[in-house]
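Have a look at the structure below, then the notes.
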Amino acid sequence: MDRIRIKGGRRLHGSIPISGAKNATLPLMIASLLTEETLVLDNVPRLADVGQLQRILGNHGVDVMVGGKRPGETPYDGQTLHISAARIVDTTAPYDLVSKMRASFWVIAPLVARMGQARVSMPGGCAIGTRPVDLLIMALARLGADIEIDGGYVIARAKNGLKGGEINFPKVTVGGTHTAIMAASLARGTTVIENAAREPEVKDVADCLNQMGAKISGAGTSRVIVEGVSRLSGARHRVLPDRIETGTYAMAVAMAGGDVLLENARPDLLQAGLDVLAEAGAEISATNAGIRVARNGAGIAPVEVVTAPFPGFPTDLQAQLMALMTCAKGTSHITETIFENRFMHVQELVRLGAHIQLNGECATIEGVGKLTGAPVMATDLRASVSLVIAALAAEGETMVNRVYHLDRGFERLEDKLSACGAAIERIAG
Ligand code: EPU
């Protein structure tokens, strides 16, 4: 297993290209199941999760062709996927595939909408909590699917197709909203989705579906209306930039100090995160080329933050912000409201010398003068990268183990940081 070694104390200077968003790419790839024609996706990040979803789609008979390099492209340019679900050969998504990546459960929506049936393994728990799928199932039932749960599988049937209906989510759910929009796109009649997730990735997928011939309005707001169509066609779509990768490197610069341009980053995707960083003492400026983040001289100020669905502060940046606050001049409070158990980074940050106390969903972080390097590991993607951020400011050497979690969601992390002067390297294991 690969490890990452970081020697802390170097400031970051230069530019970091921001990749396409993982959490848009995954549902976009799944949306390819809705059409017999080819969906072409540009700016797809090279991530382990993308490869895993390719295997899952392959099991349904989907062909994924990865476009070759074009002249003038750098290793940081996203890849192009040509995805063809001309013939779906299997409507079952088995446990051994779905259990590796939760989002693969979402294939249930296009499969039942197009094929009239789907049998998809329940994803089970994961490192950040129980993460049930009851609301996704509720949405499909509201569109007329018969649902049965048998042997750990959800079986959805709609022999005569799905029909439009009203879906009112009692809780904001990104996966539930993706599922509802995809299923409703091929349902007969109109679907109204209330309390929909407003995340930019939901809008990105809806934009792509509309290019494919869907009739979706209101995506990006909490009320989405979908008029079903009988078939969808192919399209070409460019994945939007990854706002969580953007926020992560912005926190890294705030932690280490320095001045970095986050190329292609879009401030409108991350206003709440950028506001918190500014409050913490980072200088943030939007430029035509992306977002510039700098911290020179000034210390890190403590903050009070509560995670919330978009446009609030994202749960996917909670661990990274906590790493930054370990070195703040004062006491911070961070409350996690989206997932009940997303604090695995806490004990590892403590191993680096952080002072953090947990009380239910609230973490109190008392800033310390310095962190000290140590061997650490984490069991999820965002927790792992928070350890990298902490290590950038820690005295001495930190070894981050179980790097495969980072590879699920960060493309060429060590290259991007070392190009800006960080002492970071991957050690093949
Ligand atoms: N929930 C339910 N029932 C459901 C579905 C969700 O109770 O049927 C609960 C969850 O347990 C959680 C809350 O609703 O407490 C929100 O979960 P949501 O459905 O929004 O999460 P998700 O769709 O499974 C996506 C991202 C996550 C991100 C969350 C929240 C992808 C592939 N995943 O997950 O990203 O944290 O939305 O924004 O888009 C990550 O990238 O590291 C990651 C975990």
Any idea which of 307, 246 is polar (S, T, N, Q), at pLDDT 95 or above and crowded, with 23+ Cβ neighbours inside 10 Å? 246
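Of everything in the range 211-224, what is outside any loop (DSSP other than H, G, I, E, B) and surrounded by fewer than 17 Cβ atoms within 10 Å (Cβ to Cβ)? Give them in sequence order.
Scanning the range 211-224 gives 211, 215, 217, 221, 223.
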Exactly one condition in (1) surrounded by fewer than 18 Cβ atoms within 10 Å (Cβ to Cβ); (2) not in a strand (DSSP E or B) is not met by residue 265; state its number. (1)
Part of a helix (DSSP H, G or I) and either touching a residue at least 40 places away in the same chain (Cβ under 8 Å) or over 23 Å from residue 24 (Cβ atoms) (or both), is that true of residue 156? no
What residue, of 356, 334, 424, 389, is out of contact with any Asp or Glu (no Cβ under 9 Å at 6 or more places or on another chain) and either of a type in the set (Val, Ile, Thr) or away from the ligand (no atom under 15 Å from the Cβ) (or both)? 389
Could you check the range 231-262 and list, in sequence order, the residues that are outside any strand (DSSP E or B) and in contact with a strand residue (DSSP E or B) (Cβ under 8 Å, 6 or more places away or on another chain)? 234, 239, 240, 242, 246, 249, 250, 252, 253, 254, 256, 257
Filter the helices (runs of 4 or more DSSP H) completely within the range 1-102 down to those with at least 1 residues that are within 30 Å of residue 259 (Cβ to Cβ). 22-31
Only one of 231, 238 that is under 17 Å from the mean Cα position of the chain (by Cα) and either among the basic types (Lys, Arg) or at negative phi (or both): 238
Every residue in the range 126-153 that is in contact (Cβ under 8 Å) with a residue 24 or more places away in the chain and either near the ligand (Cβ under 9 Å from one of its atoms) or on the phi > 0 side of the Ramachandran plot (or both), please. 126, 128, 129, 130, 131, 133, 135, 136, 138, 139, 144, 152
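The values are calculated or read from the model by the stated rules, or taken from the named source; none is laboratory data. Remember, predicted model here, so these are calculated numbers, not experimental data. Quick reminder, even Gly has a Cβ in these numbers, built from the backbone with ideal geometry, and neighbours come from all protein chains shown.
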